[in-house]
1. Restricting to the range 59-78, count the residues that are within 18 Å of V37 (Cα to Cα) and either within 15 Å of the chain's Cα centre (by Cα) or crowded, with 16+ Cβ neighbours inside 10 Å (or both).
2. Among the residues of the range 100-128, which ones are surrounded by 20 or more Cβ atoms within 10 Å (Cβ to Cβ) and more than 18 Å from N44 (Cβ to Cβ)?
3. Looking only at the range 79-99, which residues are surrounded by fewer than 20 Cβ atoms within 10 Å (Cβ to Cβ), over 14 Å from P126 (Cα atoms) and not hydrophobic (A, V, I, L, M, F, W, C)?
4. Kindly indicate whether any position in the range 14-37 is among the hydroxyl-bearing types (S, T, Y), exposed (fewer than 14 other Cβ atoms within 10 Å of the Cβ) and in contact (Cβ under 8 Å) with a residue 24 or more places away in the chain.
5. Has the range 53-75 got any residue that is under 14 Å from S113 (Cα atoms) and touching a residue at least 60 places away in the same chain (Cβ under 8 Å)?
6. Could you tell me which residue of the range 36-65 is farthest from G93 (Cα to Cα), considering only residues that are touching a Lys or Arg at 6+ places or on another chain (Cβ under 9 Å) and not acidic (D, E)?
Amino acid sequence: MGQLSTTVAFGASRANSTSLSQNWADFGEIQQGELAVIPVQLINTSTSPQVLESVHLEGDDMVFSVNSLCAGILAPGTACTLEIEFFPQDFWGDFSGQIRIQTKSAQPGTGRSEELELTLRGRASPAY
């Protein structure tokens, strides 16, 4: 899986400051009631510290969740982990969603927010 490039807010064009280790979290098929976890790395590819501003889940949020192991400021050249969970406890069928991640330079006045997107997909079969 390739790295996902950032989209800079307001349409400006410049080098990416952060990236994700993958742009898809495809859980395949699991049984209803099972838990599947995919770790995704948030990587600071810049030479300045970056702040993780927000992580938003869109779509089938009753079966997907995200646990951020990223705290505070991400130093240059380092990475932290987002744990993406698929837990169709009470549901079965096809599910999809997206996670939108906002980052920004930690240095005051040096940049706009950047947005990363991670697409989610999973299927749950009924537990008999």
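1. Taking the range 59-78 as the starting set, the residues that turn out to be within 18 Å of V37 (Cα to Cα) are 59-70.
Those still in the list that are either within 15 Å of the chain's Cα centre (by Cα) or crowded, with 16+ Cβ neighbours inside 10 Å (or both) too: 59-61, 63-70.
Result for the range 59-78: 11.
2. Matches in the range 100-128: L120, G122, A124.
3. We begin by selecting, within the range 79-99, every residue surrounded by fewer than 20 Cβ atoms within 10 Å (Cβ to Cβ); these are 79-81, 83, 85, 89-94, 96, 98.
Then drop every residue that is not over 14 Å from P126 (Cα atoms), which leaves 79-81, 83, 85, 96, 98.
Selection gives T81, E83, E85, S96, Q98.
4. If we filter the range 14-37 for residues that are among the hydroxyl-bearing types (S, T, Y), which is where we start, we get 17-19, 21.
Now drop any that are not exposed (fewer than 14 other Cβ atoms within 10 Å of the Cβ), which leaves none.
No, that holds for no residue.
5. yes
6. Taking the range 36-65 and keeping what is touching a Lys or Arg at 6+ places or on another chain (Cβ under 9 Å), we get 50-58.
With not acidic (D, E) added as a condition, the list becomes 50-52, 54-57.
Details: Q50: 38, V51: 36, L52: 33, S54: 29, V55: 25, H56: 23, L57: 19 Å.
Here the residue is Q50.
Read-outs: derived from the displayed coordinates by stated rules, not from any lab. Given the structure is predicted, the values throughout are model-derived calculations rather than measurements. Every residue, glycine as well, gets a Cβ built from its backbone with ideal geometry; the counts of neighbours run over all protein chains shown.
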